[in-house]
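Have a look at the structure below, then the notes.
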Amino acid sequence: MIIKATPITLEQLKNKELEAVQSEVNVLGETREVSARAVSARAVSARAVSARAVSARAVAARAVSARAVAARAVSARAVAARA
């Protein structure tokens, strides 16, 4: 295999180097954007977990309230039975 070298000017070499640097900068920028979207997604997920925890606490509070109502009903029936 024969590789032929094509002569280029110093200006062309500088342009190629600038293109390479610009390409690298673009890749880094895209990486940062993807990372920022991942952080945002994790924040959304954390808020969803927090909302589920709040919902679970509300369900637990309603269960406690229902038990209290049931206990009052039992107490009222006991009072009525004694009367």
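The values are calculated or read from the model by the stated rules, or taken from the named source; none is laboratory data. This structure is a prediction, so every number in the text was calculated from the model and none was measured. Here Cβ is always computed from backbone atoms with ideal geometry, including for glycine, and neighbour counts include all displayed protein chains. Calculation scope for accessible area: heavy atoms of the full protein, side chains included, ligands and nucleic acids excluded. Shrake-Rupley method; radii C 1.70, N 1.55, O 1.52, S 1.80 Å.
Looking at Ser65, Ser23, which one is out of contact with any strand residue (DSSP E or B) (no Cβ under 7 Å at 6 or more places or on another chain), of a type in the set (Ser, Thr, Tyr), modelled with pLDDT under 95 and on the phi < 0 side of the Ramachandran plot?
Being out of contact with any strand residue (DSSP E or B) (no Cβ under 7 Å at 6 or more places or on another chain), of a type in the set (Ser, Thr, Tyr), modelled with pLDDT under 95 and on the phi < 0 side of the Ramachandran plot holds for just one of Ser65, Ser23, which is Ser23.
Would you confirm, using the coordinates I've provided, whether Ala63 is part of a helix (DSSP H, G or I), aliphatic (A, V, I, L, M) and open to solvent by less than 60 Å² (accessible area, probe 1.4 Å)?
Answer is yes for this residue.
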